[in-house]
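Okay, so here's the structure we're looking at.
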Amino acid sequence: MILITGASGTVGRAVLEEMRKTGEPFKAMYRSENDAKKAPAGTASVMADFADKDSLNKAVAGVNTIFLVCSPIPQLVELEGNVIEACTKNGVRHIVLNSALGAGDYPKSFPSWHRKVEDKLMNSGLSYTILRPNGFFQNIVAYNAPTIRTQGAFYAGMGNAKTSLLDVRDVAAAAVKALSSPEDHSGKTYELMGPEALSNDEIARRISRIIGREVKYVDIPEEAQRKTMLDAGMPEWQVTALLDLQAYYVSGKCAAVTEVLPDLLGRAPITVDQFLNENKESFHSHAAVA
Ligand SMILES: NC(=O)c1ccc[n+]([C@@H]2O[C@H](COP(=O)([O-])OP(=O)(O)OC[C@H]3O[C@@H](n4cnc5c(N)ncnc54)[C@H](OP(=O)(O)O)[C@@H]3O)[C@@H](O)[C@H]2O)c1
């Protein structure tokens, strides 16, 4: 039996959808009954909280393989650590861990938290596969679409730095390859890069072309970014983590395009143009806000 954690989140939901295509049996883990009710019809679900060890022991009983993902919060180190411990105790054989690009070489921000979990997993004696994805195309809709709708512009401090973003559905497809045949992917760490390195100016040009209206990328100083995020009510730890992550992107280390993802998937990854075309409605000023 396969267990998919984080099934209400961006990555976990995509893994669930991809898993459904295989026809293999699996269970989805939720911590809220409300979210479990929204699971696609026929999905077997289990309720548990990473902070509640008893609930985890029950959730992993009879499970062979787990997809492990948690929200990008500092507590993920402890929370995912609890899952690894429950897996060791209850005879789970393999964990597919959703980590992040930078866990290998960036000792700050989200990547450094993920690295701690990776280390715990590697020392657990369990079989494992680690996925270190680059940033997701989905961030463009989540973070940039709101000001594109209202101001025809989006803002960051990326300068001309390029990033090879990828689609979360391809992260999910890679995860399902490892969940379905763990023996072929055991002990492996995959750094998942998208098919093209793009600057924010280039992303603005692509969006403009696709929606038929000019969209601009505006570079702003770090202090202005910090103030905007704090004024919007974001906690300080999150603002610092996001700015530190941006510094990693600006270093140029997230711009590589490699064969790791296409080799894993056995096909070309989803392109940014495909993603933007599918989501073009979210950039129009009349778009409904979720
Ligand atoms: N966004 C990117 O570009 C990017 C790139 C690389 C890596 N990542 C990594 O990807 C990971 C997941 O991202 P995401 O966008 O899928 O996050 P998300 O949408 O916030 O989903 C996180 C999931 O974890 C669950 N969760 C959180 N705390 C839990 C707990 N105590 N017990 C049980 N479940 C819990 C959430 O459940 P609830 O719905 O109940 O809260 C949710 O299902 C993060 O760790 C991030 O660092 C993101």
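The values are calculated or read from the model by the stated rules, or taken from the named source; none is laboratory data. Nothing here was measured: the structure is a model prediction, and the numbers come from that model. Here the Cβ positions follow ideal geometry from the backbone for every residue, glycine too, while neighbour counts run over all protein chains shown.
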Unmet requirement for residue 204, which otherwise passes all of (1) in contact with a helix residue (DSSP H, G or I) (Cβ under 8 Å, 6 or more places away or on another chain); (2) buried (at least 19 other Cβ atoms within 10 Å of the Cβ); (3) hydrophobic (A, V, I, L, M, F, W, C):
(1)
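Looking at the structure I just gave you, is residue 248 within 20 Å of the chain's Cα centre (by Cα) and in contact (Cβ under 8 Å) with a residue 24 or more places away in the chain? It would help to see each step written out before you state the result.
Numbers: within 20 Å of the chain's Cα centre (by Cα): yes; in contact (Cβ under 8 Å) with a residue 24 or more places away in the chain: yes.
Yes: the conditions hold for residue 248.
Among the residues of segment 61-76, write down those that are more than 8 Å from the ligand (Cβ to nearest atom), surrounded by 19 or more Cβ atoms within 10 Å (Cβ to Cβ) and part of a loop (DSSP other than H, G, I, E, B). If you could, list the steps in order and put the result at the bottom.
Restricting attention to segment 61-76, the residues satisfying the condition of being more than 8 Å from the ligand (Cβ to nearest atom) are 61-68, 74.
Then keep just the ones that are surrounded by 19 or more Cβ atoms within 10 Å (Cβ to Cβ); that gives 63, 65-68.
Hit for segment 61-76 is 63, nothing else.
Against the definition (touching a Leu at 6+ places or on another chain (Cβ under 6 Å) and either free of Cβ contacts under 8 Å to residues at least 40 places away in the same chain or not in a helix (DSSP H, G or I) (or both)), how does residue 233 come out, yes or no? Outline the logic, then answer.
On the way: touching a Leu at 6+ places or on another chain (Cβ under 6 Å): no; either free of Cβ contacts under 8 Å to residues at least 40 places away in the same chain or not in a helix (DSSP H, G or I) (or both): yes.
When the stated conditions are applied, residue 233 does not pass them.
Please pick out the residue among 267, 213, 226 that is on the phi < 0 side of the Ramachandran plot, part of a helix (DSSP H, G or I) and touching a helix residue (DSSP H, G or I) at 6+ places or on another chain (Cβ under 9 Å).
Numbers: 267 fails: part of a helix (DSSP H, G or I); 213 fails: part of a helix (DSSP H, G or I).
Step by step, each of 267, 213, 226 is checked, and only 226 is on the phi < 0 side of the Ramachandran plot, part of a helix (DSSP H, G or I) and touching a helix residue (DSSP H, G or I) at 6+ places or on another chain (Cβ under 9 Å).
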Just to check your reading of the model, which residue among 40, 111, 107, 25 is within 11 Å of the ligand (Cβ to nearest atom) and either surrounded by fewer than 19 Cβ atoms within 10 Å (Cβ to Cβ) or within 20 Å of the chain's Cα centre (by Cα) (or both)?
111
Among the residues of segment 1-60, what is the count of those that are without any contact (Cβ under 8 Å) to a residue 12 or more places away in the chain, acidic (Asp, Glu) and in a loop (DSSP other than H, G, I, E, B)?
1
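Can we say residue 80 is more than 11 Å from the ligand (Cβ to nearest atom) and either touching a His at 6+ places or on another chain (Cβ under 9 Å) or of a type outside the set (S, T, N, Q) (or both)?
Details: more than 11 Å from the ligand (Cβ to nearest atom): no; either touching a His at 6+ places or on another chain (Cβ under 9 Å) or of a type outside the set (S, T, N, Q) (or both): yes.
For residue 80, the condition - more than 11 Å from the ligand (Cβ to nearest atom) and either touching a His at 6+ places or on another chain (Cβ under 9 Å) or of a type outside the set (S, T, N, Q) (or both) - is not met.
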Considering only segment 178-201, state which residues are polar (S, T, N, Q), surrounded by 14 or more Cβ atoms within 10 Å (Cβ to Cβ) and under 23 Å from residue 119 (Cα atoms).
186, 189
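For segment 43-55, how many residues are surrounded by 16 or more Cβ atoms within 10 Å (Cβ to Cβ) and touching an Asp or Glu at 6+ places or on another chain (Cβ under 8 Å)? Can you show your working first?
Let us first name the residues in segment 43-55 that are surrounded by 16 or more Cβ atoms within 10 Å (Cβ to Cβ), namely 43, 45-46, 48-50, 55.
Cutting the leftovers down to touching an Asp or Glu at 6+ places or on another chain (Cβ under 8 Å) gives us 50, 55.
Of the residues in that region, 2 qualify.
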Conditions (1) without any contact (Cβ under 8 Å) to a residue 40 or more places away in the chain; (2) outside any helix (DSSP H, G or I); (3) small (Gly, Ala, Ser); number of the one not met by residue 208
(2)
Do we have any residue at all in segment 169-191 that's assigned to a helix (DSSP H, G or I), in the same structural domain as residue 245 (by TED's automatic domain parsing) and more than 21 Å from residue 9 (Cβ to Cβ)?
no
With the structure loaded, tell me whether residue 215 is surrounded by 18 or more Cβ atoms within 10 Å (Cβ to Cβ) and among the aliphatic types (A, V, I, L, M) or whether it fails that test.
yes
Number of the exception - residue 85 against (1) surrounded by 19 or more Cβ atoms within 10 Å (Cβ to Cβ); (2) assigned to a helix (DSSP H, G or I)
(1)
Within segment 1-22, of all residues that are within 20 Å of residue 133 (Cβ to Cβ) and of a type in the set (D, E, K, R), the one farthest from the chain's Cα centre (by Cα) is 21
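So, in segment 122-146, of the ones that are part of a helix (DSSP H, G or I) and within 14 Å of the ligand (Cβ to nearest atom), which residue ends up surrounded by the most Cβ atoms within 10 Å (Cβ to Cβ)?
So the first thing to find is which residues in segment 122-146 are part of a helix (DSSP H, G or I), and the list is 122, 138-146.
Next, from what is left, pick out any that are within 14 Å of the ligand (Cβ to nearest atom): 138-144.
On the way: 138: 19, 139: 14, 140: 24, 141: 19, 142: 13, 143: 13, 144: 22.
Only one residue fits best here, namely 140.
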